[in-house]
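Okay, structure first, notes after.
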Amino acid sequence: MAGPVKTEAIVLRSLRYGEADRILHLYTPQRGRVSAIAKGVRRARSRFGGRLEPFFRLELDLHEGRGELLTVTGAQTVEAYARLRTDARALDAAARACDAVGRLFETAEPHPNVFNLLCRRLSLLDAGAGAAVAGRAGRAGGGSQIQIHRGSAAGRAGALAFRLKLMLAAGLAPQLGACANCGEREHLVGFSGACGGVVCGTCEAASFPLDPGAYSFMTGALGLPLAETPGAGEQALGQVERAISETLEHHAHVRLMPAAAAGTAG
Ligand SMILES: [Zn+2]
């Protein structure tokens, strides 16, 4: 199907190529993950300006040839997420979000809900970065320490809630309503990546213990909008991350980066 293609896209990655070009890894609503080349984009007078950078939400004109790589012929900014770019923590979280989408949805299969989810995640990180800056400015005269809020978008809880929603979109959501091995509804004490969900006391052989806080975080995160991600303690979040990692490794053969940078609270 050669010819012009018009699509919205989020730039997942942007790699230098040759003397002045960039290869873009894009996530689109209707074509899944797409790679495209932007020629001459690193020249000072490129008509694309600085908008073919990671995390930009763009309206793109592409040309599809015979190869897998499309060519960028036009680009308009839909969202730049400018505040996000001023906050190292939000930038790191955005990079991990884009990496997770790229790894879990690496084909051309359309998942418009995943595109919307990624836009939502970037918006929340952008809004959170602005709030953090305002908070610091407000306290500037008081000499008080900068507070990092648990459960903030850029924290571990926000990252894990996003991953759980990606798993749901991929048909890999952990089974939480009953033992994933035998169907028992009571005494759910562990989590098994191999079984893909919680397990009861009788089936716990290949599982690790799951605290009530980790269980309620997962059910809450799957059922609520991203903006309402529940909080949880570090130990519970550690168990949630392990549950996600083991399920994805076992059922999708995908290994993700750690959900948050070392030492990131909430
Ligand atoms: Zn069981």
Inset, instruction - Starting from the Cα of residue 228, step 7 Å along the direction of its Cβ; do the same at residue 208; then give the gap between the two resulting points in nm. - result: 3.0
Legend entry - R0 of 41 Å, Cβ-Cβ distance residue 113-residue 47: FRET efficiency to nearest 0.05: 0.80
Inset, instruction - Could you state, as a whole-number percent, how many of the C-alpha pairs of the stretch 18-115 are farther apart than 22 Å? - result: 32
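Name the trypsin sites (Lys or Arg not before Pro) in the stretch 1-44 that are in a loop by DSSP and that have at most 15 other C-beta atoms within 10 Å, would you?
43
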Inset, instruction - Could you please tell me the mean projected area of the C-alpha convex hull for the chain, averaged over all directions and given in square nanometres to one decimal? - result: 16.4
Inset, instruction - Name the most mobile residue of 162, 217, 208, meaning the one with the largest mean-square fluctuation, in a Gaussian network model of the chain with Cα contacts below 10 Å. - result: 208
Legend entry - Taking the chain and dividing mean pair separation by its residue count, relative contact order in percent (alpha carbons under 8 Å, at least six apart): 16
Inset, instruction - Using θ = phi - 60° and the Karplus relation 6.51 cos²θ - 1.76 cosθ + 1.60, list the HN-Hα couplings for the stretch 61-73 in order, rounded to whole Hz, with x at every Gly or Pro. - result: 9, 10, 10, 9, x, 8, x, 7, 8, 7, 10, 7, 10
Legend entry - Kirkwood Rh in Å, taken over all unlike Cα pairs in the stretch 206-251: 11.1
Legend entry - Selection of GluC sites (Glu not before Pro), the stretch 154-250, meeting DSSP coil and at most 14 other Cβ within 10 Å: 186
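Where a number appears in this text, it was derived from the coordinates with a stated rule and is not lab data. From a predicted model like this one, the values you see are computed outputs, not experimental measurements. For neighbour counting, all protein chains shown are included, and Cβ atoms are generated from backbone atoms with ideal geometry for every residue, glycine included.
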